[in-house]
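Written out below as structure tokens is the structure these notes cover.
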Amino acid sequence: MNFTLSSLLTVLIFSNLAILLFHYIINSAFLYYKFAFSILFVLFCMVMIRLFIPLELSTQQNIFIYHIWPPIYLILIENRFTIAQYSFSILTVLAGISILGTLLLLVRNTISYIRTLNYLKSSTPLSLSSDDLQFMKEINTNFKKPVFIPIVVNPSVRIPFLIGLVHPIIVLPQIAFTKQELYYIYFHEACHYHFKDLWIRFTGEILCSLYWWNPFIYMLRKNMISYQELRVDTYITRHTSELQQYEYIKCLISLSQYSMDNLSPLSTAFNSTQNITCRVKYLLNCHHISTEEPKYQTKRLTCFCTFILLLLAMLLPNRIIFEPSSPAPSDIQQTTFSINSGNSYLLLNNDQTYDLYVDGEYLTTVSQVFDDALPIIKPEDMN
């Protein structure tokens with residue numbers, strides 16, 4: 001397995017196509033309802049893994065590109081810059097800028113995460129009543145491995161969120177939440193913890209740092225966050241009555257008035273404002289979609305076609321690779337000529353080799369006479 005410019009280009013083309021399809025699915029209530037969460041999660045992982053490993057595979061077949069890509073490839077790999085005794089190509093410069101940008105983003109995100117943890121040290125544990133402990137135990141019955149997540153209050157924050165890859169905590173603003181709001185906040189963040197969403201976001205941030213120059217990678221991150229929030233919302237309301245679903249939606253809307261711009265990307269906010277409209281719309285419509293099948297016969301075909309395209313976008317990077325073909329067939333000049341005693345001769349050199357001349361022009365040097373009919377000219381004959 002080798003890393004080449006062609007392998008990177010191939011992975012980017014199909015990964016960007018898959019990201020666009022993800023965006024279409026997540027923003028379509030019908031398609032998102034029809035796609036199982038497990039299927040979307042697997043496809044998400046396939047895209048992320050392939051982006052982490054953009055290498056040539058032994059299973060790939062070369063697809064040669066004869067136009068546009070070959071001249072661009074030559075421009076990128078030719079040495080065009082010289083500093084001291086070292087020459088650099090455009091590709092080398094771009095790779096250096098990419099690596100520098102990646103390092104800067106990793107450092108910035110690390111500093112942001114550490115700063116967030118530092119100012120959370122001033123948080124105070126939430127005073128829990130016996131009723132609070134009871135509903136936490138009730139919520140934990142929904143998970144295979146019940147874990148009590150500490151809840152703290154911090155006056156510096158404005159929204160509830162979960163943070164901490166190793167030792168997670170739920171951070172609440174200094175707001176007098178109702179029992180119902182506290183119940184849904186804890187349930188929501190506990191779902192994020194059990195679904196390993198913080199680790200998935202951590203992986204996504206590394207991917208964004210590696211491909212910071214690719215605008216589609218930010219679309220992938222946004223869609224990933226939307227997917228996580230929708231999955232949690234669906235999990236919480238899956239076995240609830242219609243009244244309880246509306247209560248949960250009301251809780252989402254009531255807390256959406258609060259926002260926090262400097263929140264660490266390695267955290268999950270209960271009322272993520274960037275997708276609150278999509279979440280509410282999905283929760284309001286998903287149950288109606290399942291009972292109105294005749295209305296969506298055409299959309300079923302759309303769902304099937306979208307799934308096939310998405311699957312192809314996942315599998316094709318493992319089967320084909322786009323390689324530049326240079327020169328292009330139209331650029332190849334077919335040159336034919338004959339070598340005979342009438343138009344060719346051999347010039348004997350001092351080292352006993354022969355220079356072959358055709359039509360008076362030097363062609364090549366040979367070590368021995370390959371045609372006895374060709375005239376041989378010695379150096380003294382030219383004097």
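Does anything in segment 180-195 have its amide N under 13 Å from the 7 Å Cα→Cβ label point of Phe41, and if so which residues?
The answer is 191-195, whose backbone nitrogens lie closer than 13 Å to the label point.
Net charge near Arg221, counting Lys/Arg +1 and Asp/Glu -1 over other residues with Cβ under 9 Å of its Cβ? Kindly include the intermediate steps, with their values, before the conclusion.
Working: positive: Arg201, Lys222; negative: Glu205.
The answer is +1.
Near Leu210, within a Cβ-to-Cβ distance under 13 Å, what is the net charge of the other residues, with Lys and Arg +1 and Asp and Glu -1? List each step's numbers first, then the result.
Numbers: positive: Arg50, Arg221; negative: Glu205.
Net local charge, Leu210 excluded: +1.
Using a Förster distance of 35 Å, how high is the FRET efficiency between Thr59 and Thr353, based on the Cβ-Cβ distance and rounded to 0.05? Could the numbers behind the result be given before it?
Values: r = 48 Å, r/R0 = 1.37.
E(calc), rounded to 0.05, equals 0.15.
How far apart, in nm, are two points set 7 Å out from the Cα along the Cα-to-Cβ line at Leu309 and at Asn142?
Label-label distance for Leu309 and Asn142, simple model: 3.4 nm.
Per the Kirkwood treatment, what hydrodynamic radius in Å, one decimal, follows for segment 36-103 from the mean inverse distance over all distinct Cα pairs? Write down the numbers at each step before the final one.
Details: mean 1/r = 0.0639 Å⁻¹.
Across segment 36-103, the inverse of the average 1/r is 15.6 Å.
Under a Cβ-Cβ cut-off of 12 Å, what is the net charge of the residues other than Cys278 that fall near it, where Lys and Arg count +1 and Asp and Glu count -1?
Its environment carries a net charge of +1.
If amide H atoms are built 1.01 Å from N in the plane of the peptide, which residues on other chains or at least 5 residues away come under 5 Å of the amide H of Val153?
Counting only residues 5 or more places away or on other chains, the set is Thr124, Leu126, Leu172.
Need one number for segment 181-271: average projected area of the convex hull over its C-alpha atoms, nm².
Values: hull surface 25.5 nm².
Mean shadow area of the hull around the Cα atoms is 6.4 nm².
Per the Kirkwood definition applied to all pairs of different Cα atoms, how many angstroms is the hydrodynamic radius of segment 107-216? Could you put the intermediate results ahead of the total?
On the way: mean 1/r = 0.0649 Å⁻¹.
Taking the inverse mean of 1/r over all distinct Cα pairs, segment 107-216 comes out at 15.4 Å.
Over 20 Å between C-alpha atoms is what I'm after, so list which of Lys137/Lys250; Lys145/Lys196; Lys196/Lys250 land there. Before the final figure, lay out each step's value.
Details: Lys137/Lys250 24 Å; Lys145/Lys196 13 Å; Lys196/Lys250 26 Å.
Too far apart for the 20 Å limit: Lys137/Lys250; Lys196/Lys250.
Just subtract the alpha-carbon distance of Val93 and His167 from 0.36 nm times their residue separation and send over the number in nm, one decimal.
On the way: separation 74, 0.36 × 74 = 26.64 nm, distance 4.08 nm.
Length gained, Val93 through His167: 22.6 nm.
Could you rank the peptides 357-365, 151-159 by their average count of other C-beta atoms within 10 Å per residue, with the highest value first?
Working: 357-365: 11.2, 151-159: 17.8.
Ranking the peptides 357-365, 151-159 by packing returns 151-159, 357-365.
Using a Förster distance of 56 Å, how high is the FRET efficiency between Met219 and Ala84, based on the Cβ-Cβ distance and rounded to 0.05? Don't skip to the end; give the middle numbers.
On the way: r = 42 Å, r/R0 = 0.74.
Computed FRET efficiency for Met219 and Ala84: 0.85.
By per-residue mean of other Cβ atoms within 10 Å, what is the highest-first order of 229-237, 90-98?
Values: 229-237: 20.2, 90-98: 13.4.
Going by the mean number of other Cβ atoms within 10 Å, highest first, we get 229-237, 90-98.
Read-outs throughout are calculated quantities, based only on the coordinates presented, and are distinct from any laboratory measurement. Here the structure is a predicted model, which is why all the values come from computation and not from measurement. Ideal geometry is used to build each Cβ from the backbone, glycine not excepted, and the neighbour counts take in all protein chains shown.
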